[in-house]
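Remarks on the structure that follows.
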Amino acid sequence: MARVSLKDVSKVFPNGNKVVDSVNLGVENKEFMILVGPSGCGKSTTLRMIAGLEEITSGSIFIGDKMVNDIPAKDRDIAMVFQNYAIYPHFSVFENLAFGLKLRGYPKIEIVRRVNEAADILGIKHLLGRKPRELSGGERQRVAVGRAIVRKPVVFLFDEPLSNLDAKLRVMMRTEIHKLHIRLQSTIIYVTHDQVEAMTMGDRIAVMKDGVIQQVADPMEVYDRPKNKFVAGFIGSPPMNFMNGRIIKKDSSLYFDEGRAQVKIVEDMYEKLAPLLGDEIIFGIRSEDIYDKLFVSDSPPENILRVNCEVVEPMGSEVYLYLNTGRHTFIARAGAHNRPRVNQNMDIVFDMSKVHFFDKKTEETIV
Ligand SMILES: Nc1ncnc2c1ncn2[C@@H]1O[C@H](COP(=O)(O)OP(=O)(O)OP(=O)(O)O)[C@@H](O)[C@H]1O
Ligand SMILES: [Mg+2]
């Protein structure tokens, strides 16, 4: 197994489109790295360059200690499961799994051994004789993964392999790929635009936007300490709430003023925020850090906001409340039995130790 590293890798398409911009990324041996970002940000292009299916415009890619820029795809010892994987409809599952090995001239006995082993790992041994049309979506998905496994590559690349599956099957396959990683002990780079997949599956997440990697860290680090407003808004569901406003000073304390309401900033944040007194700033708070005052026993009066509840969205285990200060709307999560009436005023409390501030111009995290 092997380490994969990208050094200043860029891709400019012939039409002048720079879709990957100086990407630096080190994926450790046996690591499960997630590459996540919105549609069109350059994820598939990055993966295809690692696989050798797309030429690199500048920079270099290493697999292990070897620079692979000039090594053709077939010699890179990488297997890729594509976004729109195609399994051959007229081949049986066995033949689909065996196909790549046959092409590479493996002896028959070795092919049979490897296909059986892969089918065993994926739980599709009983399907080896069937044709793809006789399989469910999830089973077809497993065949596509199986074709990668039989090769025993040093690195697996997955490009949104679950995007064709329904929601329930996605959740199931998510766990299976996770288990597969533990079993195969292989290096995996997994592309998705789904932030839930990103949070739950990987050892680390690389968040990409417009061809640029924004942050690489373990999932909770990305969630708790996003590097900028984009990452803060992209990772987490519902997304982080943002409000524009200013830092003001009252009775020697700092407050965030959003235009209508004001909340008191915790002293830990003074050092970073005091120099920005009076400046425009972006405030961020996650929906789970907002509470209904009725259920908070010792809420400091400075952190209570009077808001209007515009929508109540029951999610089963909890409810999402769409609240309005008169200037900003935002979402709070509350317990399932918490049902404020729509269009009524209510008092809520911010956990000010959990909030974030972003620079208005650069959108980088201040604290
Ligand atoms: N051959 C090409 N020539 C020019 N532009 C291209 C080419 N292939 C892709 N692009 C552009 O490059 C950008 C990145 O594409 P890419 O497929 O890497 O995105 P992605 O992050 O995988 O998106 P998705 O989540 O939709 O799969 C897009 O804006 C796309 O239109
Ligand atoms: Mg893609």
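Every number in this text was worked out from the coordinates using simple rules, so none of it is lab data. All values derive from a computational prediction rather than experimental measurement. Neighbour counts are summed over all protein chains in view; Cβ atoms, including those assigned to glycine, are modelled from backbone coordinates with ideal geometry.
Would you please give the residues with an amide H less than 5 Å from that of V311, counting only those at least 5 places away or on a separate chain, with H modeled from the backbone geometry?
Here Y322 satisfy the definition.
Considering only the other residues whose Cβ falls under 12 Å of the Cβ of D203, what net charge follows from Lys and Arg at +1 and Asp and Glu at -1?
On the way: positive: K30, R204; negative: E28, E31, D218, E221.
Around D203, the surrounding residues sum to -2.
Counting DSSP beta bridges in the chain, what percent are antiparallel, to the nearest 5?
Bridges in the chain are about 75 percent antiparallel.
If neighbour count is taken as other Cβ atoms inside 10 Å, put H356, H328, H178, H90 in order from fewest to most.
With the fewest neighbours first, H356, H328, H178, H90 line up as H90, H178, H328, H356.
Counting alpha carbon pairs within less than 8 Å and at least 6 residues apart, what relative contact order, in whole percent, applies to region 241-359?
Relative CO of region 241-359 lands at 29 percent.
Nearest 0.05, what FRET efficiency do R104 and D203 give at R0 = 30 Å with Cβ-Cβ as r?
E between R104 and D203, to the nearest 0.05, is 0.50.
Could you tell me the center-to-center distance, by alpha carbons, between region 300-367 and region 141-220 in angstrom?
Comparing the Cα centres of region 300-367 and region 141-220, I get a distance of 33 Å.
Give, as a single signed number, the net charge of other residues whose beta carbon lies under 13 Å from the beta carbon of G100, with Lys and Arg counted +1 and Asp and Glu -1.
After counting each charged neighbour, the total is +4.
Would you mind ranking Y270, Y223 so that the residue whose beta carbon has the fewest other beta carbons within 10 Å leads the list?
Ordered from fewest to most neighbouring Cβ atoms within 10 Å, Y270, Y223 come out as Y270, Y223.
As an exercise, use a Förster radius of 22 Å and the Cβ-Cβ distance of K18 and D70 to find the FRET efficiency, rounded to the nearest 0.05.
0.50
Please identify the chymotrypsin sites (Phe, Trp or Tyr not before Pro) of region 57-106 that satisfy two criteria: DSSP loop assignment and at most 15 other Cβ atoms within 10 Å. Which are they?
Loop-located and lightly packed - F91.
With a Förster radius of 35 Å, plug the Cβ-Cβ distance of D359 and M315 into 1/(1 + (r/R0)^6) and report the FRET value to the nearest 0.05.
Once rounded, the FRET efficiency stands at 0.60.
Suppose the chain between H178 and H337 were pulled fully straight at 0.36 nm per residue; how much longer would it get relative to their current alpha carbon spacing? Present the calculation step by step, with values, prior to reporting the outcome.
On the way: separation 159, 0.36 × 159 = 57.24 nm, distance 3.40 nm.
Extra length available between H178 and H337 comes to 53.8 nm.
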